[in-house]
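Here's the structure we're looking at; comments come further down.
What follows draws every value from the coordinates through simple rules; no lab data is involved. Just so we're clear, the structure is a prediction, and the values are computed from it rather than from any experiment. Virtual Cβ from ideal backbone geometry, glycine too; neighbours counted across all protein chains shown.
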Amino acid sequence: MDEEKTTEPMKQENRAATARIRLSQRVISGMVLGAGMFLMGGIGLAYEYSFSKLSSDLLGNSARQWAIIIAVMMLFMGIGADVQKYFRDRNLVDKLILSEVALGLLGGFGPLGMLITFGRFPEYFALVQYFLICSVGMLIGFEIPLVTRINESYAKNLRYNLARILKMDYAGSLFGALVWIFVLPRFFTLLEGAVVLGLVSMLVAGLTLVCFRDQVARRRSLLLTILFCSFGLLFSLARTEEWTVNAEQHLFRDRVLYTDTSVYQHVALTESRTGVVKCYLNGHIQFSSDDEAIYHENLVHPAMLIAPRRDNVLVLGGGDGLAVREVLRYSDVYSVTLVDIDPMMTTLAREHPILRSLNEDSLRDARTTVLESNAISPGGAGKMYAPYRRVGRHRGEEKIADIQIMNIDAIQFVEEAEGSFDVIILDFPDPNSPELATLYSEKFYRSLGKRLAADGILVSQSTSPYHAKEAFLCVGRTLLGSGFGVAPYHDNVPSFGEWGWWIGGHDYVYDPERIKRLLKGIERTIAETRYLNADLIGASLVFGKGRLESLYEDISTLSAPRVHTYYLMGWQESL
C-alpha cells in the first residue's frame, strides 16, 4: 500500500511534466508557423514587387505593369487557396515544405529568367512572365490556408487560428515591402535581391523541416532537396552579375559597358564598334554621343542667349551633366544648381571615365558640392554666389560658377527651395509614365513659376512634335495655362528623330510673339558650340503646315495626366 501511495504522486508529476513539455512544444511549433508565415508573407510581396519592377523596366508604362501584375497575382492567390482544399490532411507539412521550396526557386530565378527570355526569345516573354507571376501567386495563396490547417493543432479555436495566421501574413507583407524598398537596393541589384529572397524561402523550409520533423514523412529527400536548391541559389548569387550583363547584352546591339539598377531606374551604357556611346534609362535611350550635342545645345543655348541675366541657373533632371556642360560655357554664370532624384546617375556622371569625357568633368570640379536630400536650407538654393580666384599676373578677380548637385525629387525641391533663378532648364525624361507626367503638370509649372525670376527664361524638353504631336502640344498648352508665355521650336536629333522644346517666361513679361522675336534676333552664339548657330535657332521656330494645330484644348494636371495619355497614343501610332 505504501509503495502504491508513493508511486501515484510520481505518476501524476510525470504526467504533469509531460503535459508541460507538450504544451511547450505546441507553443514553439505555433510560433515557428507564425514566424514562417511572417517571412513568407514578406517574401511573397517582395516577389510581386520584383516582377513588377523588372516588367516596367523592360516594357515601360510602370503604373500599368504594377497594377496588372499585382492584380493577376492576387487572382491566382485566390485560385491557390481554392486548390489546397483538394489535398488531404495527410502529410500536410511535406506539402508546405515543397511549396516553400518551389516558391524560392521560382521567385529567386524568375527575374533572371525573364531578362534572358526578353533578350534572346522576346516572342515568348509574355508566356514566361505570366507563367512566373501566376505560379508564384498560386503558391502564395496555397500556403496560407495550408498553414492554417496545420496550425489547427496549436491554436485554441478557429478564431485564434485565423487571427494568428492572417496577422502574421499581413505584418510580414509590410515588413517585406520595407525591406524591398529600403534594404535590398543598398546591397544588391534587383536580380540579386530576388535570389536572396529565394534563399530566405529555403531557410524557412529548413526551419519547418527541423521543427516538424516528427510529422514529415520524407525527411531525407526533403532535406536533400532544400540543400541542393540552396546551393543552386548561392551559386546563382555569385554569378548573377555576370549573367545579368550577358543577358542584357542581347537587349542591345552594341557592347554593354555598364549596367546597374537604382531605386529609381535601370541605367545601361553601351559602345558601338565605331566608339559611339549610348545611355539607356529603363530601356529608353537617354543620349548618344554622336548627336547629343544637337539635343543639349538646343536645350540650353537659346534660353541662355535670350535671358537678360545668367547669374543663377537651375537644371532639373540632366543627371548626366551634359546640360550643365553647356551652361558652364557662359563665363557670367555665378551658380548652377543641378537637381536629379537619382544619386546613382549623378555619381556615375562624376566618376565614370566615359561620362566624364562627354560632360567635360562638369560635375567633377573643385567648385562642385553634393548636397543630401534634406539639404534645402533657409536662404535658398537660388541665392548662392560663386567664389572668386586670382588670375594672371594681375590682382584681378574672375568669377567661377559654383555648382551644387542635389539628389532630391524635383517637385519637392521646387516647393521647398527659396530664392529665384534667372534660367531654368527642364531636362526630364519623356512623360512615359503617370509618375513622370507629374513633372509636366499645371501644379508643377505653377510652383516652378515661383522659382523663376520676374524676367527669367524657362525651357523644357517636350518630346517629339512628330511622333507624339498631341503630347508636345499639350506641354505647351499646360505651360500657357500655368502663367507662362512660351513658344515652340524643334530640330532633328538622329537618335530620337524630330524633337521639340518650349521656351518662354512669365506671361506678364513675355508673350509667344516676343519670345520668337528674341530668338530670331540672335545674331551669334557667344559660347562655343559644335552644332548650333544663330541661323539654326531662327529656323527652329518654323514648323510644317498643321504641325501646331491640335484636336484638343485640355491641359495636363495631377488628377488628369493628359500628357501621358497623348504620349502613349502618339508613340503607339507611330510604331
If you take every residue apart from Tyr47 with its C-beta less than 15 Å away from the C-beta of Tyr47, what net charge results, scoring Lys and Arg +1 and Asp and Glu -1? -4
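Nearest-5 percent of antiparallel DSSP beta bridges in the chain?
The answer is about 55 percent antiparallel.
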If I model the stretch 286-574 as equal point scatterers sitting on the Cα atoms and use the Debye formula, what is log10 I(q)/I(0) at q = 0.09, 0.11 Å⁻¹? -0.40, -0.60
Taking every alpha carbon pair in the chain and sorting the distances into 10 angstrom bins from 0 up to the bin holding the longest one, the percent per bin comes out as 3, 15, 22, 20, 15, 11, 7, 4, 2, 1, 1, 0, 0
If you average the alpha carbon positions of the stretch 440-461 and of the stretch 312-357, how far apart do those two centres end up, in angstrom? 19
Taking loop as defined by DSSP and a crowding limit of 14 other beta carbons within 10 Å, which trypsin sites (Lys or Arg not before Pro) in the stretch 447-544 fit? Lys450, Arg524, Arg530
Computed, not fitted: 222 nm per-residue ellipticity of the chain from DSSP H runs ≥ 4 (each -39500 (n - 2.57)), nearest 500, equal to -18000 deg cm²/dmol
quick note, the stretch 286-574, DSSP beta bridge pairs, % antiparallel (nearest 5) is 40
To the nearest 20 Debye, how big is the dipole of the chain about its Cα centre, given +1 on the beta carbon of each Lys and Arg and -1 on that of each Asp and Glu? 1400
Placing +1 on each Lys and Arg Cβ and -1 on each Asp and Glu Cβ in the chain, then taking the dipole about the Cα centre, the residue among Leu178, Ile537, Gly36 whose Cα reaches farthest towards the positive end is Gly36
Just rank Tyr295, Tyr552, Tyr86, fewest to most, by other beta-carbon atoms within 10 angstrom. Tyr86, Tyr552, Tyr295
Arrange the following residues from fewest to most other Cβ atoms within 10 Å of their Cβ: Cys134, Cys474, Cys211. Cys134, Cys211, Cys474
Ranked highest first by average number of other Cβ atoms within 10 Å, how do 141-152, 44-55 line up? 44-55, 141-152
How far is it, in nm, from the label point at Asp535 to the one at Asn492 when both lie 7 Å from their Cα along the line to the Cβ? 1.6
Treat every Asp and Glu Cβ in the stretch 11-249 as -1 and every Lys and Arg Cβ as +1, leave all other atoms uncharged, and give the resulting dipole magnitude about the Cα centre to the nearest 20 debye. 1300
Fewest Cβ neighbours within 10 Å first, please rank His296, His564 accordingly. His564, His296
Under Karplus coefficients 6.51, -1.76 and 1.60, residue-wise ³J(HN,Hα) of the stretch 76-88 in Hz, glycine/proline x: 6, 4, x, 5, x, 5, 6, 5, 4, 5, 7, 8, 6
Can you compute the modelled spin-label distance between Arg220 and Ile181, with each label point 7 Å from Cα toward Cβ, in nm? 4.8
Aspartates and glutamates whose Cα lies under 13 Å from that of Lys520, excluding same-chain neighbours fewer than 8 positions away: Asp535
Stretched fully, the stretch from Leu59 through Tyr170 gains (0.36 nm per residue minus C-alpha distance, one decimal, in nm) 37.0 nm
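How much net charge surrounds Glu241 when only other residues with a Cβ under 15 Å from its Cβ are counted (Lys, Arg +1; Asp, Glu -1)? All intermediate terms of the calculation are to be shown ahead of the outcome.
Values: positive: Arg239; negative: Glu192, Glu242, Glu248, Asp260.
Every neighbour counted, the sum reads -3.
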